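Here's the structure, in structure tokens; my notes come after.
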Amino acid sequence: MQLKTHKIQHNINIVLLLSFLFILLFLMGGLNNSSGVLSLIGFLAIGILLVVSFFTFYINITKQKYILKREKWIHIFSSLFILIYFIGVLNELSMDSIRSFFQIIMVIFFFWGNTYLSFDNLNKKLIYNSIIFFITINFIWWVVEGLIIPFKGLLSNPNPFGAFIVFLLGVFWILNNSIVSKSKGLFIITVIMGLSLIYASSARVTFLVIVSAIFTYLLWPIITKRKWFFCCYYLIFVGLIFIITVIYPKLLNHPLGYRLNQLSWEYTGKNFFSGRQIVWSEMINTIQERPLLGYGASARVTDFIAVSHSAHNYYIQMTLQVGLVGSTVFLIFLLVIWNYFYIAKNQKEIRIVSSLFIGILIYQLFEVSFTQNNLALALLQWLIIGVGVFYTRKGYIDEYVRDG
């Protein structure tokens with residue numbers, strides 16, 4: 001009996017250690033957006049996370065020797081997306097294209113691996129408390145610095161800092177719902193500190209993420225009444241993303257654009273037109289010359305126009321690289337995941353994850369951090385989506401077992 005108790009305690013200690021290392025690597029991964037030695041530490045942390053996630057997926061699949069039938073389309077379309085990027089490498093073979101291809105592979109493997117993570121109350125509590133600690137330290141730092149705006153913490157730019165905090169709060173929100181013993185007051189205080197840091201980062205796109213996530217969360221009972229409407233909700237946002245991408249560059253010389261710029265200055269102190277409109281317009285014209293398969297996996301905005309930054313629009317960057325074929329496959333891949341969530345629509349965790357899922361779609365309209373460029377943010381977003389698949393699978397299996 002004593003030996004059995006010792007073995008249980010040993011297993012608990014291992015789980016706690018692995019959970020601690022997991023969240024530590026995640027938080028360290030954010031340093032990849034810093035500079036010098038800190039950037040290298042962040043890069044190594046991301047590399048370890050990617051490798052571990054691949055083996056997590058491999059071990060689980062090898063152990064159970066099957067993939068749920070309901071999940072097969074997730075794997076089919078994600079694999080097809082990888083294949084299209086491989087064709088993109090062949091389209092223009094170079095070290096940059098090979099690097100981009102391996103980033104895609106490892107991010108998808110990371111997503112697959114996260115769908116098999118073990119989320120019991122012990123490791124959820126540890127990750128939950130680690131997020132509280134991380135946000136509290138950054139909040140104290142901001143206060144000591146004199147409440148400066150914009151605030152960027154250890155990162156080199158306040159925009160990714162704001163995004164890192166908003167998606168970290170997303171994970172915190174999911175965990176808060178599923179932890180058995182928790183303090184409501186501590187949750188509220190942490191959220192307030194997190195929102196303050198997001199405000200301090202002055203990253204406007206994060207507020208769009210928050211609004212779209214809350215909007216989806218509140219509409220959830222309506223969205224999930226019918227499967228077809230649930231599917232259409234995703235398609236509406238995809239259509240909205242397409243319209244904004246096309247219309248935004250054209251507003252610069254329009255009276256509506258002038259009015260929006262005035263409102264932006266009045267409420268945010270920043271221009272509505274940040275320079276993205278020029279880049280988007282140029283890239284849309286460039287994509288039209290090779291619309292189907294794009295210019296190859298290594299294609300960047302800097303290859304076509306004299307700028308030093310990305311497209312600030314993941315959908316444009318992806319279409320530039322793998323064309324409308326690759327973009328369509330990727331959006332179908334996301335649609336398959338979205339529809340899979342419908343199975344567990346009555347679970348609170350899925351309601352939260354789905355709300356954040358829409359927020360992620362909106363975030364990628366203004367940034368490039370889903371499968372490339374900013375891998376620290378990419379992994380945080382895919383962690384949220386992977387957790388959603390995990391809870392959906394768990395709910396489906398539990399219901400299947402219960403029904404015999």
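The values are calculated or read from the model by the stated rules, or taken from the named source; none is laboratory data. Model, not experiment: these values are computed from the prediction. Backbone-built Cβ (ideal geometry, glycine too); neighbour counts: all protein chains shown. Accessible surface is based on the protein model in full, side chains and every heavy atom, while ligands, DNA and RNA are left aside. Shrake-Rupley method; radii C 1.70, N 1.55, O 1.52, S 1.80 Å.
Residue check: is Phe161 aromatic (Phe, Trp, Tyr), within 27 Å of Ile241 (Cβ to Cβ), in contact with a Phe, Trp or Tyr (Cβ under 9 Å, 6 or more places away or on another chain) and at pLDDT 90 or above?
Details: aromatic (Phe, Trp, Tyr): yes; within 27 Å of Ile241 (Cβ to Cβ): yes; in contact with a Phe, Trp or Tyr (Cβ under 9 Å, 6 or more places away or on another chain): yes; at pLDDT 90 or above: no.
So Phe161 fails the test.
Take region 347-402 and flag every residue that is modelled with pLDDT under 85 and more than 17 Å from Ile104 (Cα to Cα).
Result: Lys394, Gly395, Tyr396, Ile397, Asp398, Glu399, Tyr400, Val401, Arg402.
Restricting attention to region 177-201, and to residues there that are within 25 Å of Phe357 (Cβ to Cβ) and at pLDDT below 85, which single residue is surrounded by the fewest Cβ atoms within 10 Å (Cβ to Cβ)?
Restricting to residues being within 25 Å of Phe357 (Cβ to Cβ) and at pLDDT below 85, the top hit is Asn177.
Taking Val368 as meeting all but one of (1) β-branched (Val, Ile, Thr); (2) within 21 Å of Gly170 (Cβ to Cβ); (3) in a helix (DSSP H, G or I), write down the number of the exception.
It fails just one condition, (3).
Consider only pairs whose beta carbons are under 7 Å apart and that are at least six residues apart or on different chains; among these, list those whose first residue lies in region 278-306 and is under 17 Å from Glu92 (Cα atoms) and open to solvent by less than 10 Å² (accessible area, probe 1.4 Å) and whose second residue is outside any loop (DSSP other than H, G, I, E, B) and among the aromatic types (Phe, Trp, Tyr).
Short answer, once both residue conditions are applied: Ala297/Tyr85; Ala297/Phe101.
If you check Ile350 against the conditions, is it open to solvent by 10 Å² or more (accessible area, probe 1.4 Å), part of a helix (DSSP H, G or I) and farther than 17 Å from Leu49 by Cα?
Considered against the rule, which asks whether it is open to solvent by 10 Å² or more (accessible area, probe 1.4 Å), part of a helix (DSSP H, G or I) and farther than 17 Å from Leu49 by Cα, Ile350 comes out as no.
Quick test of your reading of the structure: Tyr85 fulfils all but one of (1) under 26 Å from Glu71 (Cβ atoms); (2) hydroxyl-bearing (Ser, Thr, Tyr); (3) at pLDDT below 85. Name the failing condition by number.
(3)
Taking Lys270 as the residue in question, decide whether it is open to solvent by 30 Å² or more (accessible area, probe 1.4 Å), at pLDDT 90 or above and part of a loop (DSSP other than H, G, I, E, B).
For Lys270, the condition - open to solvent by 30 Å² or more (accessible area, probe 1.4 Å), at pLDDT 90 or above and part of a loop (DSSP other than H, G, I, E, B) - is not met.
Out of all the residues in region 273-310, which are modelled with pLDDT under 75 and not in a helix (DSSP H, G or I)?
Step one: of region 273-310, the residues modelled with pLDDT under 75 are 273-277, 306-310.
Within region 273-310, Phe273, Ser274, Gly275, Ala306, Val307, Ser308, His309, Ser310 meet the criteria.
How about region 173-198: which of its residues are among the small types (Gly, Ala, Ser), free of Cβ contacts under 8 Å to residues at least 12 places away in the same chain and part of a helix (DSSP H, G or I)?
Gly185
Among the residues of region 111-139, count how many are surrounded by 22 or more Cβ atoms within 10 Å (Cβ to Cβ) and modelled with pLDDT under 75.
Number of matching residues: 0.
Tell me whether region 160-172 contains one or more residues that are surrounded by fewer than 16 Cβ atoms within 10 Å (Cβ to Cβ) and either not in a loop (DSSP other than H, G, I, E, B) or not aromatic (Phe, Trp, Tyr) (or both). Walk me through how you get there before you give the answer.
Looking only at region 160-172, we keep the residues that are surrounded by fewer than 16 Cβ atoms within 10 Å (Cβ to Cβ), and these are none.
The answer is no; no qualifying residue exists.
Within region 212-236, work out how many residues are under 15 Å from Arg351 (Cα atoms) and in a helix (DSSP H, G or I).
Here the count works out to 17.
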